[in-house]
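In what follows, a structure is listed as structure tokens, so that the remarks can point back to it.
The values are calculated or read from the model by the stated rules, or taken from the named source; none is laboratory data. What you see is a predicted model, and the numbers here were worked out from it, not measured in a lab. Here the Cβ positions follow ideal geometry from the backbone for every residue, glycine too, while neighbour counts run over all protein chains shown.
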Amino acid sequence: MLLKALWRRLSAGQRVAQPMRVMKLTAVVLVVACLNVSATGWTQTVTINEKNVPIQKIFKDIFRQTGISIVYNEKLFEHFAPVSIEVRDAPIQRVLDQCLKDQPYAYTIEDNTISITQKTAAA
């Protein structure tokens with residue numbers, strides 16, 4: 001009842017301006033929310049705390065937490081030393097850099113797939 005009385009007291013120009021302000025504010029909030037979701041979608045992070053495990057276990061943890069597939073030849077890691085890693089909310093690139101540090105392997109990330117290959121000799 002009170003709202004109806006207030007609504008009648010507003011002039012025609014004020015009645016149009018108020019809903020327009022609400023629509024503009026709603027549009028701004030939606031755009032900001034969409035941009036925030038988009039920004040977090042590009043950065044995949046993982047939390048891993050493992051000691052002396054095969055690197056394949058780290059790859060499985062990455063897949064389980066992010067859904068990103070890791071493609072590699074199992075023979076590449078036959079004689080690979082066990083890996084110890086402790087990271088919290090770290091980007092996947094940092095985890096891979098730490099696991100493959102001082103090793104003859106390289107990785108590429110395309111879409112939802114990480115490919116691990118042996119580094120080629122520099123010409």
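Observations on the model:
One line per residue, one yes/no per condition, for (1) more than 18 Å from ASN49 (Cβ to Cβ); (2) free of Cβ contacts under 8 Å to residues at least 40 places away in the same chain:
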residue: ILE68; (1), (2): yes, no
residue: VAL71; (1), (2): yes, no
residue: PRO82; (1), (2): no, yes
residue: VAL87; (1), (2): no, no
residue: GLN93; (1), (2): yes, yes
residue: ASN112; (1), (2): yes, no
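- Some residue of the stretch 71-88 being modelled with pLDDT of 90 or more and under 16 Å from the mean Cα position of the chain (by Cα): yes
- Complete set of residues in the stretch 95-108 that are of a type in the set (Val, Ile, Thr) and either at positive phi or touching a residue at least 24 places away in the same chain (Cβ under 8 Å) (or both): VAL95
- Looking only at the stretch 95-106, and only at residues there that are outside any strand (DSSP E or B) and surrounded by 13 or more Cβ atoms within 10 Å (Cβ to Cβ), the one that is farthest from the chain's Cα centre (by Cα): GLN103
- Residue list for the stretch 61-77, restricted to those being exposed (fewer than 13 other Cβ atoms within 10 Å of the Cβ) and assigned to a helix (DSSP H, G or I): ARG64, GLU74, LYS75
- Residue within the stretch 78-89 that is part of a loop (DSSP other than H, G, I, E, B) and basic (Lys, Arg) present: no
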